[in-house]
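In what follows, a structure is listed as structure tokens, so that the remarks can point back to it.
The values are calculated or read from the model by the stated rules, or taken from the named source; none is laboratory data. Since the structure is predicted, the reported quantities are computational estimates derived from the model, not experimental observations. Glycine gets a Cβ as well: all are built from the backbone with ideal geometry, and neighbour counts include every protein chain shown. Side chains are part of the model used for accessible areas, which takes the heavy atoms of the whole protein and leaves out ligands, DNA and RNA. Shrake-Rupley method; radii C 1.70, N 1.55, O 1.52, S 1.80 Å.
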Amino acid sequence: MRKHLLLLLISILPAVTCYAQRPAQTIAGSWNGSLAIGGTKLRLVFNLSATPDGSLTATMDSPDQGAKGIPVTSARLVQDSLYLDIKAIGGSYAGKITGPENIDGYLKQAGQNMHIPLTKGEVAEAKRPQHPVKPYPYQETEVTIENKAAGITLAGTLTLPKGKTKAPAVVLITGSGPQDRDQTILGHKPFLVLADYLTRQGFAVLRLDDRGVGKSGGTFATATTEDFASDAAAAFTYLKSFEGVDGKKVGLLGHSEGALVAAKVAAKYPEAAFVVLMAGSAVPGTELLLAQNEALFKTAGMPDAQLQKYLQLRKAQFTVAATEPDIFKASQTIKQLEQDAKAKLTAEEQKQMGLTQQSEQAIVAQLSSPWMRYFLGYDPALTLQKLKMPILALNGTKDLQVPYQQNLPATEKALKAAGNKKYTIKEMPNLNHLFQTATTGMVNEYGQLEETIAPSALETIGSWMKGVVK
């Protein structure tokens, strides 16, 4: 769930230059190709530059994953062949120049050799037709909010409809990972689109940069869902008392982890007018991440025998991270579980499951973070059981990160246990985790789609919200 499951493992490494054995100017420029994964294509770009001393440098972009400027550790041009070492993703590229604008080569990563022919030229910027263009038919104001409990200041944008003296209002709460106020991901700005739509429907809308992101203070790396709930609570109380807002008609809307946060705030402030849960989970984190892994890898085509072994390993590791209070002991156990599992697998099975030395280090680091340890041990159903106000819970049927078959029934069960008679549970056909109309639902498809949020999702949310505040 923690965004956004990049297929390329990216880290910050210094670029290293190597001297070319032929004029680097002959190959300088941008070269693009695509990698077929899970039924979709992932675009890759290598940006090659020649320096005055004859050396060749390079960076790599993955536009569909929103990654730019990934360092290429070394670049060599040997006669008619290009060799790139890309330690940041644990891979390399080797290709033969077959023409002035063509390179035929292979990307090697995680034991796989993938054919990626390259063509010289820039990649066109992705179209995002739903992004609103100024001037807006409403007021837009930059705001700062004090979270006194945390001792930090949060920054964001408040949009106010014109002609309303006391407008109903909503706080938008981002999903997991360091998010700006627009929840920018892969060129999309879903919270900008959502805020624009809801403001045109007559709502005041507040959206914030996460703590430690953009103009907001604080530290993101050590924060947990509980900390983000503290920030959202500060935003809620701020909006209730804002001039031009009807303090009795202020609600909360959260996406993904933001839905967990919205429920937490609503449990603390039962006067909240409503709560919208977009792709919210209602099962313990250990169960959600296991279902997420199963959905993603099954769709990606992992053989079932290997998938079951993979899930068994991850279940054991998730359980340790959620229950072992000693973080050092937990990390050692997680590492040992990985090594023990690999010892029972053939080299081919390890390759199919993506179990490498690099992946071992990554899983230990991920499961040792404060956020992940909290998330895995948290049961959102216990919070949902406290909510009495109107609730709208939406989930796309192509959502592989928060599978609807697992979470919508669990949400309804928890709300029934609360005695809540004012809830609406709705499946959104063919929508993915970002509520885009999707084909596969895979993460690498998000950036390839022009649609930012399906009109059906916008209309469902807007109509329901207007119905509960009228």
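Would you point out the residue of region 280-311, among those that are among the hydroxyl-bearing types (Ser, Thr, Tyr) and under 26 Å from LEU252 (Cα atoms), that is least open to solvent (accessible area, probe 1.4 Å)?
Taking region 280-311 first, the residues among the hydroxyl-bearing types (Ser, Thr, Tyr) are 281, 286, 299, 310.
From the residues that got through so far, the ones that are under 26 Å from LEU252 (Cα atoms) too are 281, 286.
Details: SER281: 7, THR286: 35 Å².
Among those that are among the hydroxyl-bearing types (Ser, Thr, Tyr) and under 26 Å from LEU252 (Cα atoms), it is SER281.
Being out of contact with any Lys or Arg (no Cβ under 7 Å at 6 or more places or on another chain) and at pLDDT 90 or above: is that true of LEU42 here? Outline the logic, then answer.
Numbers: out of contact with any Lys or Arg (no Cβ under 7 Å at 6 or more places or on another chain): yes; at pLDDT 90 or above: no.
Spelling it out, it is not the case that LEU42 is out of contact with any Lys or Arg (no Cβ under 7 Å at 6 or more places or on another chain) and at pLDDT 90 or above.
Restricting to region 384-407, name every residue that is under 29 Å from ALA438 (Cβ atoms) and open to solvent by 10 Å² or more (accessible area, probe 1.4 Å).
PRO390, THR397, LYS398, LEU400, PRO403, TYR404, GLN405, GLN406
So, in region 434-454, of the ones that are among the β-branched types (Val, Ile, Thr) and part of a loop (DSSP other than H, G, I, E, B), which residue ends up nearest to THR184 (Cα to Cα)?
Going through the qualifying residues, I end up with THR452.
If PRO129 passes every condition in (1) within 30 Å of LEU198 (Cα to Cα); (2) of a type outside the set (D, E, K, R); (3) open to solvent by less than 80 Å² (accessible area, probe 1.4 Å) but one, which one does it miss?
Failing condition for PRO129: (3).
How many residues does region 241-256 contain that are modelled with pLDDT under 95 and open to solvent by less than 40 Å² (accessible area, probe 1.4 Å)? Explain how you work it out, then say what you get.
The first filter runs over region 241-256 and keeps only residues modelled with pLDDT under 95, leaving 243-244.
Narrowing the set further to residues that are open to solvent by less than 40 Å² (accessible area, probe 1.4 Å) leaves 244.
Residues flagged as modelled with pLDDT under 95 and open to solvent by less than 40 Å² (accessible area, probe 1.4 Å) within region 241-256 amount to 1.
Within region 257-274, identify whether any single residue is among the hydroxyl-bearing types (Ser, Thr, Tyr), open to solvent by 10 Å² or more (accessible area, probe 1.4 Å) and not in a helix (DSSP H, G or I), and answer yes or no. Give the derivation first.
Step one: of region 257-274, the residues among the hydroxyl-bearing types (Ser, Thr, Tyr) are 269.
With the extra rule that they be open to solvent by 10 Å² or more (accessible area, probe 1.4 Å), the set shrinks to 269.
Restricting the remaining residues to those that are not in a helix (DSSP H, G or I) gives 269.
Yes, because at least one residue in region 257-274 is among the hydroxyl-bearing types (Ser, Thr, Tyr), open to solvent by 10 Å² or more (accessible area, probe 1.4 Å) and not in a helix (DSSP H, G or I).
May I ask you to list the residues in region 373-383 that are open to solvent by 20 Å² or more (accessible area, probe 1.4 Å) and of a type outside the set (Asp, Glu)? Spell out how you get there, then give the answer.
Here is the first cut: in region 373-383, the residues open to solvent by 20 Å² or more (accessible area, probe 1.4 Å) are 373-374, 377-379, 382.
Scanning region 373-383 gives ARG373, TYR374, GLY377, TYR378, LEU382.
Of all residues in region 297-316 being farther than 20 Å from VAL364 by Cβ and of a type in the set (A, V, I, L, M, F, W, C), which is modelled with the highest pLDDT?
Initially, region 297-316 is screened for residues farther than 20 Å from VAL364 by Cβ, giving 298-308.
When the remaining residues are screened for being of a type in the set (A, V, I, L, M, F, W, C), the result is 300, 302, 305, 307.
Details: ALA300: 87, MET302: 90, ALA305: 91, LEU307: 94.
That would be LEU307.
What number of residues within region 219-237 satisfy the criterion of being open to solvent by less than 20 Å² (accessible area, probe 1.4 Å) and assigned to a helix (DSSP H, G or I)?
Matching residues across region 219-237 total 8.
Counting only residues that are part of a helix (DSSP H, G or I) and surrounded by fewer than 24 Cβ atoms within 10 Å (Cβ to Cβ), how many does region 193-218 have?
Filtering region 193-218 down to residues part of a helix (DSSP H, G or I) leaves 193-200.
Still in the running and surrounded by fewer than 24 Cβ atoms within 10 Å (Cβ to Cβ): 193, 196-197, 200.
Number satisfying all stated conditions: 4.
Would you mind telling me which numbered condition in (1) open to solvent by 40 Å² or more (accessible area, probe 1.4 Å); (2) in contact (Cβ under 8 Å) with a residue 12 or more places away in the chain LEU186 fails?
(1)
In region 319-357, which residues are surrounded by 14 or more Cβ atoms within 10 Å (Cβ to Cβ) and over 22 Å from PRO303 (Cα atoms)?
Result: THR319, VAL320, ALA321, ALA322, GLU324, ILE327, ALA330, SER331, GLN332, THR333, ILE334, LYS335.
Any chance you could count how many residues in region 143-179 are farther than 25 Å from TYR269 by Cβ and not small (Gly, Ala, Ser)? Before you say what the answer is, go through the steps one by one.
First pass over region 143-179, keeping only residues farther than 25 Å from TYR269 by Cβ: 162-163, 177-178.
Now narrow it down to the ones that are not small (Gly, Ala, Ser): 162, 178.
Matching residues across region 143-179 total 2.
Just checking, which of TYR106, TYR83, TYR93, TYR138 is within 30 Å of ALA235 (Cα to Cα) and aromatic (Phe, Trp, Tyr)? Show your work before the answer.
Values: TYR106 fails: within 30 Å of ALA235 (Cα to Cα); TYR83 fails: within 30 Å of ALA235 (Cα to Cα); TYR93 fails: within 30 Å of ALA235 (Cα to Cα).
TYR138 is the lone residue from the list that is within 30 Å of ALA235 (Cα to Cα) and aromatic (Phe, Trp, Tyr).
Within region 209-218, does at least one residue satisfy the condition of being more than 15 Å from the chain's Cα centre (by Cα) and within 24 Å of LEU431 (Cβ to Cβ)?
Looking for residues that are more than 15 Å from the chain's Cα centre (by Cα) and within 24 Å of LEU431 (Cβ to Cβ), one finds none in region 209-218, hence no.
Anything in region 83-113 that is farther than 30 Å from GLN361 by Cα and either open to solvent by 40 Å² or more (accessible area, probe 1.4 Å) or touching a strand residue (DSSP E or B) at 6+ places or on another chain (Cβ under 6 Å) (or both)? List them, or say none.
LYS96, ILE97, THR98, PRO100, GLU101, ASN102, ILE103, ASP104
Under 7 Å between Cβ atoms, at least 6 apart or on separate chains: pull out the pairs that start in region 160-182 with a residue that is assigned to a loop (DSSP other than H, G, I, E, B) and end on any residue that is small (Gly, Ala, Ser) and open to solvent by 50 Å² or more (accessible area, probe 1.4 Å).
ASP180/GLY214; ARG181/GLY214
Taking only region 70-82 into account, find how many residues are within 19 Å of THR51 (Cβ to Cβ), in a loop (DSSP other than H, G, I, E, B) and open to solvent by 10 Å² or more (accessible area, probe 1.4 Å).
Result for region 70-82: 1.
Please work out which one of (1) assigned to a loop (DSSP other than H, G, I, E, B); (2) under 19 Å from THR286 (Cβ atoms) is the condition LYS421 fails and give its number.
Condition (2) is where LYS421 drops out.
Let's see how each residue does on (1) within 24 Å of the chain's Cα centre (by Cα); (2) touching a residue at least 60 places away in the same chain (Cβ under 8 Å):
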| position | (1), (2) |
| --- | --- |
| LYS351 | no, yes |
| ILE363 | yes, no |
| LEU376 | yes, yes |
| ALA381 | yes, yes |
| LEU384 | yes, yes |
| ASN395 | yes, yes |
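What are the residues in region 132-147 that are assigned to a strand (DSSP E or B) and open to solvent by less than 90 Å² (accessible area, probe 1.4 Å), if any?
TYR138, GLU140, THR141, VAL143, ILE145, ASN147
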